[in-house]
Amino acid sequence: MRAFIDSDILIWHLRGEKKAHNFLRRLRDKGGYELWTGVMQRAEVVFFMREDEEERTLQLLSQFKTEPVDQSLVDEAGVLFRKWNPGHGIDVNDALLAAGAKRGGGMIFSLNKKHYPMPDILIKQAWTS
């Protein structure tokens, strides 16, 4: 199964959070998951990295497949956004990741489950405090 990793987990890993490191290692080595992320989650990490973080950041991201954005993904994400933004405040990045997980038959792992209120999207809390 595909494990779609939200940007919050990637960022915590890059900041040296051991829980993030251990979580990703368990998913990869023992969980039987393929590691994926969304294009917007990748963009959040890449756009804001500092020059001295580039090598380490790109090395981490090389371990993930990135869900491509195409017309059908944008259209599906638009449906999710219009349905869930008014009451739950999801953003475009969340909607695109949810659409990718729905299309790819995967599960989203995040520290912010409230960003994914859709009942037909599998979402799990990465870890608790």
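Taken together, the values in this text are just the output of simple stated rules run on the coordinates, not laboratory data. Just so it is clear, the model here is predicted, and its values are computed rather than measured. Glycine also receives a Cβ, built like all others from the backbone with ideal geometry; neighbour counts cover every protein chain displayed.
Some values worked out for this structure:
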item	result
Acute angle (nearest 10 degrees) that the helix 92-104 long axis makes with the longest principal axis of the chain, alpha-carbon atoms	90 degrees
Alpha-carbon centroids, the stretch 54-76 and the stretch 1-33: separation in whole Å	15 Å
The chain shape via C-alpha gyration tensor axes, a/c threshold 1.5	prolate
Residues Trp12, Trp36, Trp127, sorted so that the one with the fewest Cβ neighbours within 10 Å comes first	Trp127, Trp12, Trp36
Nearby lysines by direct alpha-carbon distance to Lys18 (threshold 25 angstrom, same-chain neighbours under 8 apart not counted)	Lys30, Lys65, Lys113, Lys114, Lys124
Residues of the stretch 41-73 with amide N under 11 Å of a point placed 7 Å along Cα→Cβ from Arg103	67-73
Theoretical gain in end-to-end length, Ser72 to Met1 [0.36 nm per residue, Cα-Cα removed]	23.4 nm
Rounded if a/c under 1.5, otherwise prolate or oblate - the stretch 9-78, Cα gyration tensor axes	oblate
Residue-span extension gain [Asn112 to Arg82] - 0.36 nm each, minus C-alpha spacing	8.8 nm
Degrees, to the nearest 10: 39-48 long Cα axis against longest axis of the chain	50 degrees
Ranking of Glu67, Glu34, Glu51 by count of other Cβ atoms within 10 Å, fewest first	Glu51, Glu34, Glu67
Under the Karplus curve 6.51 cos²θ - 1.76 cosθ + 1.60, θ = phi - 60°, whole-Hz ³J(HN,Hα) for the stretch 20-30, x wherever Gly or Pro sits	5, 4, 5, 4, 5, 4, 4, 4, 5, 8, 10
Helical contribution to [θ] at 222 nm, DSSP H n ≥ 4, -39,500 (n - 2.57), averaged over the chain, rounded to 500	-16500 deg cm²/dmol
Residues Phe81, Phe48 arranged by fewest to most Cβ contacts within 10 Å	Phe48, Phe81
